[in-house]
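Heads up: the structure comes next, in structure tokens.
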Amino acid sequence: METPVNRNLKREHRSARQESLVGTASRPRVVVFRSNKNITAQLVDDDAKKTLAASSTESLKLKGLTVENATKVGEDLGAKAVKLGIKSVVFDRNGYLYHGRVKALADALRKAGLAF
């Protein structure tokens with residue numbers, strides 16, 4: 001079992017890491033959320049506290065959480081970002097490992113023309 005001191009150190013480290021990921025209007029943050037059934041990605045402007053665009057497997061009516069569906073979500077969000085004139089973003093994987101579905105979503109965003 002972990003001691004409370006170690007838990008608090010982990011929380012402080014996670015908080016410090018999150019503070020460095022800030023999206024602006026010119027370079028918004030792409031936030032990834034992955035559940036057991038869906039994957040969601042949003043473009044967030046932290047200065048205005050506003051979501052610029054979002055895409056998910058639910059909104060695209062895709063069944064199952066697969067790498068292919070994560071790629072489709074990334075392509076959809078990338079197309080929306082390009083339509084808004086966004087070329088560069090900050091990728092916030094939200095603590096998930098950069099592997100599998102999260103990586104597929106990121107690769108699809110890069111393929112759509114976003115740089116991060």
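Report, by residue number, each residue of region 30-72 that is closer than 13 Å to residue 102 by Cβ, under 13 Å from the mean Cα position of the chain (by Cα) and hydrophobic (A, V, I, L, M, F, W, C).
30, 31, 32, 33, 39, 41, 70
Can you tell me which residues in region 96-107 are outside any loop (DSSP other than H, G, I, E, B) and either under 20 Å from residue 21 (Cβ atoms) or in contact with a Phe, Trp or Tyr (Cβ under 9 Å, 6 or more places away or on another chain) (or both)?
Selection gives 101, 102, 103, 105, 106, 107.
Given the structure, is residue 105 at pLDDT 90 or above and either over 11 Å from the mean Cα position of the chain (by Cα) or surrounded by 11 or more Cβ atoms within 10 Å (Cβ to Cβ) (or both)?
Judged against the criteria, residue 105 is a match.
The values are calculated or read from the model by the stated rules, or taken from the named source; none is laboratory data. All figures in this text were calculated on a predicted structure; none of them were measured in a lab. As a convention, Cβ positions derive from the backbone with ideal geometry for all residues, glycine included, and neighbour counts pool all protein chains shown.
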